[in-house]
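The values are calculated or read from the model by the stated rules, or taken from the named source; none is laboratory data. Fair warning: this is a prediction, and the values are worked out from it, not measured in the lab. Cβ placement follows ideal geometry from the backbone for every residue including glycine, while neighbour counts extend to all protein chains displayed. These area figures cover heavy atoms from the full protein model, side chains too; ligands, DNA and RNA do not enter into them. Shrake-Rupley method; radii C 1.70, N 1.55, O 1.52, S 1.80 Å.
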Amino acid sequence: MPVNKTLASFSDFSFKVAFAVYVIGLIVMLAYYVRERMLQEAYEDASRREESQPGGQGAQAASDKELVGASATKSGVASEASESGVAQGASASKTGVASVSVGAGTGTDDAASTTSADSSSRGGSRARSLWGRVAHDRPVMSQAELDARQDSVDRLGTFGQGVVFLGLLFHAACVILRGLSAHRFPWGNLYEYVALVSLVAMIVATVVLTKRENRIMWPWVLTPVVALLFYGGMKLYAASAPVVPALQSYWFPIHVSTVSIGAGFGLISGMCSLAYIVRMFQPVGEEHGIVGKIAGPLPSAKRLDRLAYRTAVVAFPIFGLGVIFGAIWAESAWGRFWNWDPKETMSFVTWILYAAYLHARATTGWKDQRAAWINVVAFGIMVFNLFFINLVVSGLHSYAGLN
């Protein structure tokens with residue numbers, strides 16, 4: 001059937017709009033990321049200022065002791081004016097005792113002052129922010145101001161998510177209209193495959209990152225998605241057309257769709273593991289340097305590890321099914337289940353790495369950065385397979401549609 005040029009034009013237009021909206025969403029979410037870090041710093045400044053304030057209880061206790069000493073002295077003077085000589089001696093003795101009391105009170109006051117000074121000094125040293133400046137050099141906000149700032153930051157994050165959701169609608173329209181225009185499943189070349197994988201990744205991110213605790217991860221997800229769409233639109237674009245004869249099989253939609261879904265989940269899992277590694281090098285409350293500024297707004301390492309693991313648990317079997325379906329299709333098309341073609345070989349390596357990550361994640365001594373690094377390497381191999389193998393290496397899977 002001939003290609004519907006109108007639907008194809010609308011598909012291309014939706015792709016461009018989706019890319020533009022994603023870029024706007026990325027800018028907004030980056031602003032949200034920065035403001036979340038600034039709010040975090042404001043809370044730290046307020047907390048440190050409270051710790052650095054001299055204690056009021058010690059000063060109050062010293063003042064009370066001074067009043068007691070003064071009262072004792074006045075009592076001694078009154079006794080001296082009214083008593084006889086013997087009584088005067090006794091009064092003098094009492095006055096001496098009162099003087100000792102006053103001296104003790106004064107010594108206690110000096111000790112309290114010294115303790116307060118030491119506490120203030122320690123608090124002042126703790127009051128240095130992550131940026132190397134003293135926290136009390138900046139105005140410290142009150143609790144009401146902090147709450148208002150928190151509401152403002154939350155509204156910015158909600159607005160950014162709304163922009164991303166709008167871009168997702170145009171992205172989905174691009175893929176659907178592309179298929180309708182060519183009367184086939186819309187993943188017949190590398191341009192369409194990139195659009196599909198990034199769409200799956202955005203759908204997964206919409207489900208995983210909707211919670212307020214997780215939406216700070218949007219810049220980490222939008223950055224690779226925007227990069228994929230930019231490169232796909234600029235270098236990989238192919239006009240809507242029927243697929244080549246080699247792909248005209250009922251295995252075509254089954255194999256490519258499962259691999260695409262697995263790759264979409266793998267993208268989210270890989271970025272979460274990358275953020276987890278950064279967070280492990282910069283624990284919560286111990287951030288420092290430029291990397292500390294980047295890691296500051298990130299969730300805890302435990303939450304990031306859990307997000308990476310849960311998405312990898314889904315990516316592993318789906319991607320494995322895609323490899324199996326591809327082997328079945330190869331047997332029907334080429335007479336062999338496995339040909340050691342570069343693309344199918346690297347896909348198998350990717351699947352093995354996901355299996356290694358899940359195994360390492362459950363193995364004592366490998367649960368931390370080492371398991372996460374395996375997941376990041378798996379994601380890197382997937383990207384390598386997507387671009388280098390398709391564009392540079394010639395093989396049985398050379399269907400990029402760029403010629």
Summing +1 for each Lys or Arg and -1 for each Asp or Glu, what net charge is found among the other residues whose Cβ lies under 15 Å from the Cβ of VAL243? +1
How many Å² of accessible area per residue for region 189-343, probe 1.4 Å? 41 Å²
Loop-only trypsin sites (Lys or Arg not before Pro) in region 282-356, please: DSSP not H, G, I, E or B, and at most 16 other Cβ atoms within 10 Å. ARG336
Counting other Cβ atoms within 10 Å, which trypsin sites (Lys or Arg not before Pro) in region 198-245 have at most 10 and lie in a DSSP loop? LYS211
At 0.36 nm per residue, and after removing the present C-alpha to C-alpha distance, how many nm does the segment from TYR250 to GLU213 gain when stretched out fully? 9.1 nm
Taking 0.36 nm per intervening residue step and subtracting the Cα-Cα distance, what contour gain separates SER332 from LYS293 on full extension? 8.6 nm
Using Cα pairs closer than 8 Å and at least 6 residues apart in sequence, work out the relative contact order for region 322-377, in percent. 24 percent
Determine the order of ILE27, ILE318, ILE352, ILE268 by accessible area, beginning with the largest, at a probe radius of 1.4 Å. ILE27, ILE352, ILE318, ILE268
Residue-span extension gain [GLU44 to THR364] - 0.36 nm each, minus C-alpha spacing: 111.7 nm
Counting only protein heavy atoms and leaving out ligands, DNA and RNA, the solvent-accessible surface of THR364 at a 1.4 Å probe, in Å² to the nearest 10, equals 130 Å²
Highest-first arrangement of 1-10, 256-265, 381-390, where packing means the average Cβ count within 10 Å: 256-265, 381-390, 1-10
Count charges around ILE374 for me, please; just the other residues with Cβ under 14 Å from its Cβ, Lys/Arg as +1, Asp/Glu as -1. +1
